[in-house]
Each structure stands twice: as structure tokens, then as C-alpha cells.
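The values are calculated or read from the model by the stated rules, or taken from the named source; none is laboratory data. These numbers were taken from a predicted model, which means no experiment stands behind them. Here Cβ is always computed from backbone atoms with ideal geometry, including for glycine, and neighbour counts include all displayed protein chains. Note: accessible area is taken over every heavy atom of the protein model, side chains too, but ligands, DNA and RNA are not part of it. Shrake-Rupley method; radii C 1.70, N 1.55, O 1.52, S 1.80 Å.
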Amino acid sequence: MQPSRTSVQYAVRKPLFAWLHAQETHGVRVLDVGCGDRPYAELFPGATGFDVPGNPRADLHGSLEAIPVEDASFDLVLCLQVLEHVPDPGAAIRELRRVVRPGGRVLLSTHGIYPFHPNPDDLWRWTHQGLERLFFTNAEWTSVTVRPGAGTAATLAMMNAHVLDLLLKRLHVRALGAPLVALLNTVGETLDDAIPVLRSTVPGTLHANYHVEAVA
């Protein structure tokens, strides 16, 4: 669902929702890898959910390095906010490539800059160049496109919002932070929209999240 501007995850979740909402999914076989509680189920009705054992919302269970499906089983494979938690990212990319059909696509998102959030582990952060190398050195792709989600201003707003939220949570007055978090997110998003370089990947920019589209 659309994230609230009062959310400390707004800079990640809003661009991610917009990106996914723009995808054509009619008649497409979709695998949601690391589906969690399926926050984007409304955008991908009928998707097959895969996750670690113990998740009752998943249709299939196992390790991301060994998804229990045949080769080339899906037209579209989602892997959203999962890669930072995976012990062997290279093996994960190879497995995503295995399960998508030739001409199909993998849509992956993961963090550039984000607070530590173990689930159960939090192992990696990326740059756009690092993600391109990870994909191209671990599987054969027709193309790999990596774009930032939010820009530099929204990313800085997000980090400040997290610090504020953590402080107010420890003071047991967390609800008081909602208007300030909304203000930070509004200012960050407005600046990114007004200044294109803040949304680019030139040296010195910061990005909370990256969106990867890899065509098999």
C-alpha cells in the first residue's frame, strides 16, 4: 500500500511502490522471493510467494540459494528489500537468474544507505556500480539497469527522521514525532524534485534505495 508521509521509511517505500505500480503484470507468472507479509500483494495478485520456513504467508519455503522450482518457471521475479539480509548475494543472483525464463525480468530493490536492521541479519549496503557488478559477474543478462529510488535530500531526511524517531521512542513520546517526520519527508522530496542532480548518481550523492531491473 502507499506509505504515509509520517513513516520513517517513506523515502524507500514511496518510490518503490511507484516503480512496482508501473509494471505490466497481466498474464505474467510472478514469483515473490522473500515475500514476508506480502506488502505489495495488491500490485501482483496471484503471485507465488517464497520465503524462509515459518512464514505462513509464503506458498513455498526454503533457502534463497535453492528455490524449490524448475528452471525458467516464471516471467517476473521480485526480490524486494531482501538482498541486504542474504549471506551469499552472488548465489542469490544466480538463483534468481535460474528461475526466470529467457526474456523474463528480475525486479530487485535493496539499500544504499539505511540504519542497521537485522532480520535476522543485516549484512550489506550497495552502490549502483556494486549492484551492476554483482549481477553481471554472477549470471548472464541481456541488460541490467540500476536506478536510485529517492534522491540525496530525501535520503538525508530519512536518516534524520530515523534518529528523531529513535530518540522519541526511548523517551516514550514517539507519537509526537509524526508531524516532524512528515515535514522532513516533504522537504526532502521537494528538494529532490526541484534539483535533478540530487536524484543522479554523480559523486557525492546519497541514495536510500536502488531499483534493479535485470532482463534475462
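With a 1.4 Å probe and all protein chains left in place, how much of the accessible area of segment 13-67 comes from carbon and sulfur atoms, in whole percent?
54
Rounded to the nearest 5, what % of DSSP beta bridges with both residues in segment 28-97 are antiparallel?
Taking every DSSP beta bridge within segment 28-97, about 10 percent pair in antiparallel fashion.
Over segment 31-142, what is the percentage of antiparallel beta bridges among all DSSP beta bridges, to the nearest 5?
About 5 percent, rounded to the nearest 5.
For a protection proxy built on the mean count of beta-carbon atoms within 10 angstrom, sort 138-144, 7-13 highest first, please.
7-13, 138-144
Counting pairs of alpha carbon atoms under 8 Å apart in space and at least six apart in sequence, what relative contact order in percent does the chain give?
24
Share of antiparallel DSSP beta bridges in the chain, in percent to the nearest 5?
Within the chain, antiparallel bridges account for around 50 percent of the total.
Count charges around T155 for me, please; just the other residues with Cβ under 15 Å from its Cβ, Lys/Arg as +1, Asp/Glu as -1.
+2
Report the equivalent ellipsoid semi-axes for the chain in whole Å, largest first, defined as the square roots of five times the eigenvalues of the gyration tensor built from alpha carbon atoms.
Three semi-axes, in Å: 30, 20, 16.
Can you tell me the accessible area per residue over the chain, all protein chains present, probe 1.4 angstrom, in square angstrom?
With all protein chains present, the chain gives 50 Å² per residue.
Of all accessible surface on segment 128-216 at a 1.4 Å probe, what whole percent is carbon and sulfur?
Here carbon and sulfur together make up 63 percent of the probe-accessible area.
What ranking, highest mean first, results for peptides 26-32, 68-74 when packing means the other Cβ atoms within 10 Å averaged over each residue?
Per-residue mean Cβ counts within 10 Å order the peptides as 26-32, 68-74.
Using a Gaussian network for the chain with springs between C-alpha atoms less than 10 Å apart, which of these wobbles most: E65, E95, E24?
E24
Please report the equivalent ellipsoid semi-axes of segment 72-122, computed as sqrt(5 x eigenvalue) of the Cα gyration tensor, largest first, in whole Å.
For segment 72-122, the semi-axes come out at 24, 11, 8 Å.
Less than 13 Å Cβ to Cβ from H117, Lys/Arg counted +1 and Asp/Glu -1: what total charge do the surrounding residues give?
Here the charged neighbours net out to -3.
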